[in-house]
1. Quick one: work out the % antiparallel among DSSP beta bridges in the range 210-337, nearest 5.
2. Can you give the Rg/Rh ratio of the range 270-329, where Rg is from the C-alpha atoms and Rh is the Kirkwood radius?
3. Relative contact order for the range 230-299: what is it in percent, counting Cα pairs under 8 Å that are at least 6 residues apart?
4. Could you run the Debye sum over the Cα atoms of the range 339-457, one equal point scatterer each and no solvent, and tell me log10 of I(q)/I(0) at q = 0.11, 0.20 Å⁻¹, two decimals?
5. With the contact rule set at Cα under 8 Å and sequence spacing of 6 or more, what percent relative contact order holds for the range 77-157?
6. Could you let me know the centre-to-centre spacing of the range 240-307 and the range 128-181, using Cα atoms, in angstrom?
7. Under the definition of Cα pairs under 8 Å and six or more residues apart, what whole-number percent is the relative contact order of the range 181-303?
8. For the pair residue 207 and residue 446, what calculated FRET efficiency results from E = 1/(1 + (r/R0)^6), where r is the Cβ-Cβ distance and R0 = 60 Å, to the nearest 0.05?
Ligand code: SF4
């Protein structure tokens, strides 16, 4: 279904889209240069040519015959584009993919504050204040460039398109199925009087997968390998915002991983909405159907053969999909890090049932025990929701005690909030807001104790660290293989390298471990770590 705020309408471009034509003409008129552009990125080279041309004109170097480029190449108005992302790593990876799309088509990505011609806001539906945040960012964009064209997309745009279209200054709202066709829309919409055009189809019709990955600080990249979810958790709007579960092919993922590694990134984080369902593995893992295609464990095994990537992390995986086969493989792998993030949501079976989670607390405890048996040094994090409808004080205490005795390393605590169109929002037994906050506070305190205890267990040990820039220029930061955050004095040339460090004790803020670089030969570290260090340093 296509929604339109006003009766202003326009046609979607077909295969004869203007950029496609320009490229086809260019290919005919200058095949060698076109090949060069193809290999080096059309957008970047085009931007460079425009810059050189402007410079040449300023120096009266006319007439200018530049590599036989035809006139239409230079007649394209250079336009700038800026992005803002709200929400999860998946959104960040998708914003990066959108930025590359614009760049490859001759747009110049600029910083948000630099006053772009086009602003793209990629929204999230998880934050309670999605609407307020969206309005704030649109206002900021228009302050930087009052005549900018503003496009809003992402989960919130899919869930509440009309609400966003009504925000003053928003020109175009794109739903989940339209997100990656953004150029088609932008290039065919002139800035008009009317505002708030909505292009959002029915989320049930989305069946395509678009690869995306982010580069961030060039140390770590988030690679989307799966999207959407077929589960029916009663509190969650993500299936409504992103559609059914679908995955990339292993071949594509491998190509993307090679491309990311070629740019110098050392760590690749696999992301998805329901990552363990890669290849729609749920039914196979639950024993309801035979295996037909590659599942998540097959992807992990294939990626592990890539010499170009030093480290892989699995961003988050449902406990019912984290099989012993995956755990055992990670335990043996030199590239997959001993770090798991496994959503729990509640430590109380009654609540898990009401949430329609597909496991009970015993299974969760069993998963944690399996990980720790094969990797005693592994870091395990979990998500928990407090204040779900019907959660009594006793239920909450049961969750608290369950987590207290689990051998996990940190929590992400979420305060339940009612979401439109979810079953949970209609359930009786709403917990007062103040009480939800109190429970959140209590679990955050428990998380802090768990994290510090996990760090303390490793004082005096040696672990490999991928070094990153610290916000304090005199320091280096980074994470060990098992996700312990470290801090140490700056050593020039260390950023984006991996080396063993000795973990001493907590820093004064308690947020990280103070560390110092050591060599494995003198540290007495175990053979596997030494071997690992060798692999990543070679
Ligand atoms: S598994 Fe549940 S919580 Fe996670 S995205 Fe799917 S429906 Fe939402």
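1. If we restrict to bridges inside the range 210-337, about 30 percent are antiparallel.
2. Working: Rg = 11.6 Å, Rh = 12.1 Å.
Radius of gyration relative to Kirkwood radius: 0.96.
3. Relative contact order comes out at 28 percent.
4. With one equal scatterer per Cα and no solvent, log10 I(q)/I(0) is -0.36, -1.09.
5. Working: 135 pairs, mean separation 28.7, N = 81.
Rounded, it is 35 percent for the range 77-157.
6. 30 Å
7. Details: 153 pairs, mean separation 30.2, N = 123.
Over the range 181-303, the number comes to 25 percent.
8. Details: r = 42 Å, r/R0 = 0.69.
With R0 = 60 Å, the Cβ-Cβ based efficiency is 0.90.
Values quoted throughout were computed directly from the atomic coordinates according to the rules given, and no laboratory measurement underlies them. It should be emphasised that the depicted structure is a prediction, and the values quoted were computed from it without experimental measurement. Every residue, glycine among them, receives a Cβ derived from its backbone with ideal geometry; neighbour counts consider all protein chains shown.
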